[in-house]
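Single-structure report; data block below.
The values are calculated or read from the model by the stated rules, or taken from the named source; none is laboratory data. As the structure is a computational prediction, the values presented were derived from the model and not from experiment. Virtual Cβ from ideal backbone geometry, glycine too; neighbours counted across all protein chains shown. Areas reflect the complete protein model, heavy atoms only, side chains present, ligands, DNA and RNA absent. Shrake-Rupley method; radii C 1.70, N 1.55, O 1.52, S 1.80 Å.
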Amino acid sequence: MLVMFIQIVVTLVVFAVIILFIRHSLQNKRNRYLEQEVEEVSKKHDKLLAEVLQPYHDSSDKLKLSRGKTKERYEELSEGFFSILHNAKEAQQNLDGLRVTRASYGSVIAVLPRAKSQLEEEFEKLHKLKQELEDFDQEDTHIASLEKEETANIANIEKQLHSLANKMEYPLTNLVQKTKYLKRELEEISSQIEQLDSMSAKKDLEHLQNDRIELEDRINRLHTLLREQRDIDSQFEFKEKSSLPDSYERFTLALKAWRS
């Protein structure tokens, strides 16, 4: 009877040891898995820090050089990158302080999903801000290109007016003054671009383009009137002035009004 009792006790002890060993192994396995997750999140934070540093420095450098509304936009972008940088460093410090033990397992399990979610949110913010910075930089290049195009357009208008004035023997004062006004606008836009104030330059370029198109339309209408004059002059070349129709006189008066 005693032997049987001892066998039962030994068996129970063995089962208890086996159960404790299994539980300990499972806990160690869970701990290792959780440690891997923490390490993975930590590596992603390192990646986030690496990706945010360059655009943060780029936007901060351009902030120091820019002016006006462009400066305000670079300031917004720089602050956005800095916020991500700050949050990533703070989260990384919190992760570095996590130690997965039997006692801390539950708390680590509780905070890890939120840490992952915040990390994804920061990556989304970063990608959005990087795209905005890239688009903004491309806009700067585009505006500088438009300024060069407008410089060429206005130079062409000046050339046309000079040619027309010589042919017509009229100063075309109104059109010439309008061209000078466009040149002053263009000089201001060029100054804005040099000061990296592309947003103000863009707004003023839109006004300049509208004014330039309106002036080109007037010049084109003047070209049309001149062609019509040549046609009419050829029809009435050998007629006395007193015998010309009223329509010819009205046309001549209209042309003189355009010449001024």
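One table, with the values for the structure above:
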| read-out | value |
| --- | --- |
| Accessible surface of Asp135 - all protein chains present, 1.4 Å probe, nearest 10 Å² | 70 |
| Solvent-accessible ranking of Lys43, Lys125, Lys167, Lys62, largest area first, probe 1.4 Å | Lys167, Lys43, Lys125, Lys62 |
| Mean shadow area of the stretch 133-179, taken as a quarter of the surface of its Cα convex hull (nm²) | 3.5 |
| Lys116/Lys64 FRET efficiency (R0 41 Å; Cβ-Cβ; nearest 0.05) | 0.70 |
| Estimated FRET transfer efficiency when R0 is 25 angstrom, pair Glu228-Lys148 (beta carbons, to 0.05) | 0.10 |
| Heavy-atom accessible area ranking, 1.4 Å probe, most first, across Met199, Met168 | Met199, Met168 |
| FRET efficiency, 1/(1 + (r/R0)^6) with R0 45 Å, evaluated for Met168 and Asp137 via beta carbons | 0.45 |
| Ranked order, Tyr74, Tyr181 - accessible area, probe 1.4 Å, largest first | Tyr181, Tyr74 |
